[in-house]
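Every number in this text was worked out from the coordinates using simple rules, so none of it is lab data. In this text the structure is predicted, and so the values were computed from the model without any measurement. Quick reminder, even Gly has a Cβ in these numbers, built from the backbone with ideal geometry, and neighbours come from all protein chains shown.
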Amino acid sequence: MSKHALIFGSTGLIGTQLLHELANGAVSSPSTPMPARSAESGRAGDAGDDPSPDSGSTPAGEEGDAPAGLFDVVTLVNRRPHPDQALIARHPNISERLFDFKDWSALGDLFTPHTRVFIALGTTRKKTPDEAQYQHIDRDLPIAIAKSAHAGGCASLQVVSAIGADAASRVFYNRTKGEMEEGVKQAFPSGPVLFYQPGLLLGPRAENRTGERIGEWIFAMADPFLRGSTSKYRSVHARDVARAMIFAASRDVPSAIVHYDTMRSWSKALDG
């Protein structure tokens, strides 16, 4: 049975890692027809170039490339053309669909029983200070994707969330992520839904975030002491998150909340 990877947020930190891992071996050679290409330009609010985390390039990792042929087709859904058009051009089974994040029926042909959906959307308060717009990107868009995935009978959802996600939290960020998780679960009752809750994300970013650089320095000292039930708060490389998502989607792992230890384990297991 053919497998189709559908990625929302491929220009973000984790989404970039997803794309490169798939391009570096996890997508088959061009033997399976791709979904038809089409373009619909548009905007999803005022959140910058794409409703996703800051983009970054692929770093060298500890593990090797993903095993060949885990997915037959990869489709990226973006508001604007992906910045690495050369990579897409080198891989005939990787295509891009431009979408305004409004008329979801325009993507109907992408949501099929063969599709494993990856959601790596998100923004920052610096980019999106308006709370309503922030929630639209971080909460409402993933829920809308989940509804379309359910309607199309998709096989599974892999969703990037965050440690501390809690719909009842008084903290705006944690509450938004928690509400997103609850909404996605309700919108997609038909198949496995896995939420990845990383702590501080490591990896190259396009913009300089002083606060996160300081956080990386602090966690570099604190991580060795975070063990047992506190290990889920450890910082984790975006590549490990992406590889864990590919592992779970390619093997149809059941629904789960995925923390640091499991992300690292699945990332390493992807080579097996």
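Structure notes:
- Relative protection proxy for 189-200, 233-244, 10-21, 249-260, from highest mean packing down: 10-21, 233-244, 189-200, 249-260 (other beta-carbon atoms within 10 angstrom).
- Rounded Å value of the spacing that divides the Cα centres of segment 150-194 and segment 241-272: 17
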